[in-house]
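The values are calculated or read from the model by the stated rules, or taken from the named source; none is laboratory data. Since we're looking at a predicted model, the values are computed, not measured. Ideal geometry is used to build each Cβ from the backbone, glycine not excepted, and the neighbour counts take in all protein chains shown.
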Amino acid sequence: MTRVLYDLCAADPAVRLSPYCWRAKLALAHKGVAFEARPWRFTEREALGFSGQGKVPVLVDGEAVVADSFAIARHLEQAYPQAPTLFPGGVAEARFVATWADTVLNAGLARMVVADICAALDGADAAYFRESREARFGGRLEDVQAGREDRLGAFRASLAPLRAALGEAPYLAGGSPAYADYAIAGSFQWAHTISAFDPLAADDPVHAWRERMRGLYDGLMARAPRAVEETAAAG
Ligand SMILES: N[C@@H](CCC(=O)N[C@@H](CS)C(=O)NCC(=O)O)C(=O)O
């Protein structure tokens, strides 16, 4: 069976940037099910028409069409019960973590990389992204992103719950990773894919966890092409 995940790409179709699509890809890898990650651009609305909505990720798994990263995780859990669970601490706990990533983590990261995202897009996608996000943020993307070094302290402080959890176990889910880890790793992978700015200090336990996560599944995230070159980490 061909499973297809519609996966947001940048100007370079090999560069996959959506935090929510990364969650879905990690969840698929966790369940050990093969899939094609099909590149999709912001302005390719009609290509998602079959799903009845306009955002990625969308998973087509046989007869099932599932939009939304958390709905995809639930679907995989139900469709592949013989594979290791995505929710060893329960669905509610994973939902809490994913929603924390959606709100606190993604909001902090977005203000540090939103102009870099736009720079990784081209043509109609870059124009759509600039217009829609400048309306959302109420200003030019470059101005939203400016001064990001000054916000590092507050951003790193906002990671306290994650740091505390990682003091208890190597992964949020315990001894091995599960959906709670994927929900957060997707956000860091989003930033890493399109920006050379690293918001984590090298001695932060969150940094060490992120690197462990990037190595999972034969380096699914570590091997992924980026829109930018590697540079020295922020201090
Ligand atoms: N709650 C959704 C959010 C999905 C989402 O916001 N996807 C973005 C890409 S990161 C998208 O497709 N945006 C389309 C647009 O902005 O027009 C999920 O968890 O999957």
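Below is a table of values for the structure above.
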| quantity | calculated |
| --- | --- |
| Qualifying residue in region 128-136 (condition: out of contact with any Leu (no Cβ under 9 Å at 6 or more places or on another chain), closer than 13 Å to F42 by Cα and not hydrophobic (A, V, I, L, M, F, W, C)) | yes |
| Failed item, numbered, when E229 is tested on (1) farther than 30 Å from E77 by Cβ; (2) under 16 Å from the mean Cα position of the chain (by Cα) | (2) |
| Region 34-69 - residue that is under 23 Å from Y217 (Cβ atoms), touching a residue at least 40 places away in the same chain (Cβ under 8 Å) and not charged (D, E, K, R) and, of those, surrounded by the fewest Cβ atoms within 10 Å (Cβ to Cβ) | G62 |
| Residues satisfying the stated conditions in region 145-174, i.e. part of a helix (DSSP H, G or I), more than 17 Å from V104 (Cβ to Cβ) and without any contact (Cβ under 8 Å) to a residue 60 or more places away in the chain | Q145, D150 |
| Single residue of E229, E168 found to be over 20 Å from Y20 (Cα atoms) and modelled with pLDDT of 95 or more | E168 |
| Lone qualifier among A94, A127 - being more than 15 Å from I184 (Cα to Cα) and of a type in the set (A, V, I, L, M, F, W, C) | A127 |
| Selection status of A185, buried (at least 18 other Cβ atoms within 10 Å of the Cβ), within 19 Å of P19 (Cβ to Cβ), of a type in the set (G, A, S) and touching a residue at least 12 places away in the same chain (Cβ under 8 Å) | yes |
